[in-house]
Amino acid sequence: LRSPRNPEQKIIKRVIALEGDIVKTIGYKKKYVKVPHGHIWVEGDHHGHSFDSNAFGPVSLGLLHARATHILWPPHRWQKLQPVLPPERKPLHREQE
């Protein structure tokens, strides 16, 4: 996705929550956030050391640029990425559509 602070910069983050989800944040100004319509909540894999939604809040879907499917470099880490969330980062609640 494009960085909310610098749209010229692209960043790779894991989508943690979708619009309508309630997520428990890690160091954000609010302990719980309901992701607004048209937004997602993204996080890096290194909690506390990542420039992600815990730093800048929900991200507009308009900044979503592409989807990462594989790790290619370094070669010893080559693998297909699996769409899984760490259990402790799953949304707390999903609004009924």
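The values are calculated or read from the model by the stated rules, or taken from the named source; none is laboratory data. Predicted model, so just to flag it, every value in this text is computed and none were measured. Cβ coordinates were reconstructed from backbone atoms using ideal geometry, including for glycine residues, and neighbour counts include every protein chain displayed. Heads up: the accessible areas ignore ligands, DNA and RNA and are worked out on the full protein's heavy atoms, side chains in. Shrake-Rupley method; radii C 1.70, N 1.55, O 1.52, S 1.80 Å.
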Subject >> Cross-chain or 6+ apart pairs with Cβ under 8 Å, the stretch 72-94 first and touching a residue at least 60 places away in the same chain (Cβ under 8 Å), then open to solvent by 100 Å² or more (accessible area, probe 1.4 Å) >> reply: LEU92/TYR32
Original post:
What single numbered condition from (1) under 15 Å from the mean Cα position of the chain (by Cα); (2) modelled with pLDDT of 90 or more; (3) among the aromatic types (Phe, Trp, Tyr) fails to hold for PHE51?
Top reply: (2)
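In the stretch 1-17, which residue that is surrounded by fewer than 16 Cβ atoms within 10 Å (Cβ to Cβ) and without any contact (Cβ under 8 Å) to a residue 40 or more places away in the chain is farthest from the chain's Cα centre (by Cα)?
The selected residue is GLU8.
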Original post:
What single numbered condition from (1) touching an Asp or Glu at 6+ places or on another chain (Cβ under 7 Å); (2) surrounded by fewer than 16 Cβ atoms within 10 Å (Cβ to Cβ) fails to hold for VAL84?
Top reply: (1)
Original post:
Does the stretch 22-45 contain any residue that is open to solvent by 70 Å² or more (accessible area, probe 1.4 Å) and under 12 Å from the mean Cα position of the chain (by Cα)?
Top reply: yes
Original post:
Can you pull out the residues in the stretch 78-97 that are among the hydrophobic types (A, V, I, L, M, F, W, C), at pLDDT below 90 and more than 17 Å from ALA17 (Cβ to Cβ)?
Top reply: LEU81
Subject >> Enumeration of residues in the stretch 58-77 that are surrounded by 11 or more Cβ atoms within 10 Å (Cβ to Cβ) and either farther than 20 Å from GLU8 by Cβ or modelled with pLDDT under 85 (or both) >> reply: PRO58, HIS65, ILE71
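Which residue is modelled with the lowest pLDDT, if the candidates are limited to the stretch 19-48 and must be touching a Phe, Trp or Tyr at 6+ places or on another chain (Cβ under 8 Å) and not hydroxyl-bearing (Ser, Thr, Tyr)? Break it down stepwise before answering.
Let us first name the residues in the stretch 19-48 that are touching a Phe, Trp or Tyr at 6+ places or on another chain (Cβ under 8 Å), namely 21-25, 33, 35, 44.
Then keep just the ones that are not hydroxyl-bearing (Ser, Thr, Tyr); that gives 21-24, 33, 35, 44.
Values: ASP21: 93, ILE22: 93, VAL23: 92, LYS24: 91, VAL33: 94, VAL35: 96, GLY44: 87.
Among those that are touching a Phe, Trp or Tyr at 6+ places or on another chain (Cβ under 8 Å) and not hydroxyl-bearing (Ser, Thr, Tyr), it is GLY44.
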